[in-house]
2 protein chains.
Amino acid sequence: MKYLPNCLTLANLISGLMSIYCTMNGQLDLAAVFIFLGASFDSVDGRAARRVGNSSEFGKELDSLADMVTFGTAPMVMLLTTEGSKAIKLIAAMIFLACAAIRLARFNSEQSSLNVFIGIPVPAAALLSLLAFFMINRVIVYYILVIGLGFLMISSIRLPNFKNHPDQKES
Amino acid sequence: MKYLPNCLTLANLISGLMSIYCTMNGQLDLAAVFIFLGASFDSVDGRAARRVGNSSEFGKELDSLADMVTFGTAPMVMLLTTEGSKAIKLIAAMIFLACAAIRLARFNSEQSSLNVFIGIPVPAAALLSLLAFFMINRVIVYYILVIGLGFLMISSIRLPNFKNHPDQKES
């Protein structure tokens, strides 16, 4: 039981890798399913850590690294398969990925314990980018939306945190 | 000048993304070049931070997140393009990526300041995996080597740290 939280975090990381693999094989629906699966593991690992009384600094670091692959990199690998302008899609992917890294680094270094999210969390931005990937037909609109989601992650917009457990993570 | 170290770290991250993009387009030589480029940025960002007197917790976190993409994910995306058994290559990539995450999380949470590396650093493992990618013809040997490099990252083997500055990073 002691290792369960970190195993769930590693399952999130592996889901991210599987998503990238599916994208490389043209299985975009399955790639999205793996990102959702990663989000499911991500939503329970922190809870599991508190339940087994094993909320460690190591666990938090591992969680951010897994989030960087599953919610930062994997959705941008999907974006890179689209047919639009090579330059614009690369810029969109770079901005989203850099903003995800800045947000995750800021969260880990500042250890915010507020009951609100400041800026939108990385997994939420990733899931919204997936929605845009499948719903928006004009790629340029999708790229602009992804850039917008990037900046929203590092913005100072305050959103309610419904998971307002006292030591709740806020990545 | 204040933001130079973090800009170098983001350049490392962007190199990782560019490597993945090149791999997706079949440009494997260029993909490797971008990982080397990322390693160059990675080798100077910590030095730049100390020179401008801006060695922050945020910078260290950002560095690990960039390393996770450039030295964890990008070389494994290259591995996934090989022609070998689907199951074995996925297992090799999963083990390498999980070990890279464990090592980076451990480094950040334990803040080791020893003058030796315990286990091989993530960028070194990534560069050795590239060497194997281009030099070894039998994919199964390459996969086994990648798994070995994964375990070496989290092993307790001690290697001299030639960059033994007192507050030198050791990712």
- Message: For the structure I just gave you, tell me whether A:ALA132 is assigned to a helix (DSSP H, G or I), surrounded by 22 or more Cβ atoms within 10 Å (Cβ to Cβ) and at pLDDT 95 or above.
- Response: no
- Task: Looking only at segment A:108-116, decide whether some residue is modelled with pLDDT of 95 or more and touching a helix residue (DSSP H, G or I) at 6+ places or on another chain (Cβ under 6 Å).
- Result: no
- Output the residue which, of all residues in segment B:12-25 that are over 14 Å from the mean Cα position of the chain (by Cα) and open to solvent by less than 60 Å² (accessible area, probe 1.4 Å), is nearest to B:ALA132 (Cα to Cα). B:THR23
- Query: What single numbered condition from (1) closer than 23 Å to B:ILE14 by Cα; (2) in contact with a Lys or Arg (Cβ under 7 Å, 6 or more places away or on another chain); (3) open to solvent by 50 Å² or more (accessible area, probe 1.4 Å) fails to hold for A:ARG106?
  - Reply: (2)
- Every listed condition ((1) out of contact with any helix residue (DSSP H, G or I) (no Cβ under 9 Å at 6 or more places or on another chain); (2) under 16 Å from B:GLY150 (Cα atoms)) holds for B:PHE71 save (1)
- Quick one: would you say A:MET1 is closer than 18 Å to B:MET76 by Cα, in contact (Cβ under 8 Å) with a residue 12 or more places away in the chain and aliphatic (A, V, I, L, M)? no
- Check off (1) more than 11 Å from every other protein chain (Cβ to nearest Cβ); (2) open to solvent by 10 Å² or more (accessible area, probe 1.4 Å); (3) among the acidic types (Asp, Glu) for A:GLU57 and give me the number that stays unchecked. (1)
- Task: Would you mind listing the helices (runs of 4 or more DSSP H) fully within segment A:1-120 where at least 1 residues are within 18 Å of B:PHE58 (Cα to Cα) and of a type in the set (Asp, Glu)?
- Result: A:57-67, A:86-110
- Message: Taking the conditions exactly as written (facing chain A (nearest Cβ under 8 Å) and either of a type in the set (Gly, Ala, Ser) or in contact (Cβ under 8 Å) with a residue 12 or more places away in the chain (or both)), does B:LEU97 satisfy them or not?
- Response: yes
- Message: Condition check: open to solvent by 10 Å² or more (accessible area, probe 1.4 Å) and of a type outside the set (Lys, Arg). Does B:GLY72 satisfy that?
- Response: no
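The values are calculated or read from the model by the stated rules, or taken from the named source; none is laboratory data. All values reported here derive from a predicted model rather than from experimental measurement. Reconstructed Cβ throughout: ideal geometry from the backbone, glycine too, with neighbour counts over all protein chains shown. When the accessible area is computed, the model is the full protein with side chains, heavy atoms only, and any ligands, DNA or RNA have been set aside. Shrake-Rupley method; radii C 1.70, N 1.55, O 1.52, S 1.80 Å.
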